Amino acid sequence: MDTTLVLIACIVMGLVVGSFLTVVVDRVPRGASIVAPPSACSSCGHRLTAPDLVPIGSWLVLRGRCRHCGTSIGVEPLVIELANAAIFVLFGLEFGASAVLPAFWILGAALVALVWIDLREFRLPREITYTAFVLGFIALSIAALVDGEPERIWKALAGAGLALAIMGLIYLGARGQMGDGDVRLAPLLGLYLGYLHLGTVPVGLFLGFLIGAVVGLVAMATGSAGRKTALPFGPFLAAGTVLAVFVGPEIVDLIWQT
């Protein structure tokens, strides 16, 4: 498939799934169903119709306000839809029209939702983490079989176990300084990194800690955070994982050559 068509598919799917994620990030933390009731304005309660749910377009046309009561709905839907489309495109550029691309769309969508919730509420809902793991494992297994590389299934599971072991040890050593949600997130990240190359699992986690350390130092240097200021760690693990998808194998090869 032509690269342009792949990117168009990534943008369209990214925006559509991103629109669904706006429901996920709102309802999952509250323990509400993502299926029912149908989407409605949080202010007037009016049920949203198809024209109100068009990704980006409806927000721009309505200028970020409810069609019925005029209440501002904020920029959250726009940011989530664009962020999800962006990560879908990044994975599209990396994997092209391959069997594994849909699997990485699952990872991208899960990370967008988890990062948004973690930044806002300092938690990583297990409902999203576990669901993404199951769906991701199924999608990765199908991709491995389609590509004639069934051994990648076992590598993915080994990556999940390795990530869980590493984060579990760090969690025990941190003595309450790390949330257990980060530990639950680790197998999902390791699943995907292990699928690519088992050696990228520690690389991805290391990059996450490195990014977190840099952000923490910059925050303290600028006075926006103190030594005891709590920072959500999920976004750093997500960033490290995405970065490892693109450069992890090269880093592993470089380490082996030195």
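Coordinate-derived values only; no laboratory data. As the structure is a prediction and not an experimental result, all values here were calculated from the model. Glycine gets a Cβ as well: all are built from the backbone with ideal geometry, and neighbour counts include every protein chain shown.
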* Between residues in the range 70-83 that are closer than 16 Å to Val54 by Cβ and residues that are assigned to a helix (DSSP H, G or I) and of a type in the set (S, T, N, Q), which pairs lie under 6 Å by C-beta distance while being six or more apart or on different chains? -> Pro77/Thr22; Ile80/Thr22; Glu81/Ser19
* Do we have any residue at all in the range 167-174 that's closer than 17 Å to Gly234 by Cβ and buried (at least 19 other Cβ atoms within 10 Å of the Cβ)? -> yes
* For the range 118-139, what are the residues that are surrounded by 20 or more Cβ atoms within 10 Å (Cβ to Cβ) and of a type in the set (Ser, Thr, Tyr)? -> Thr129
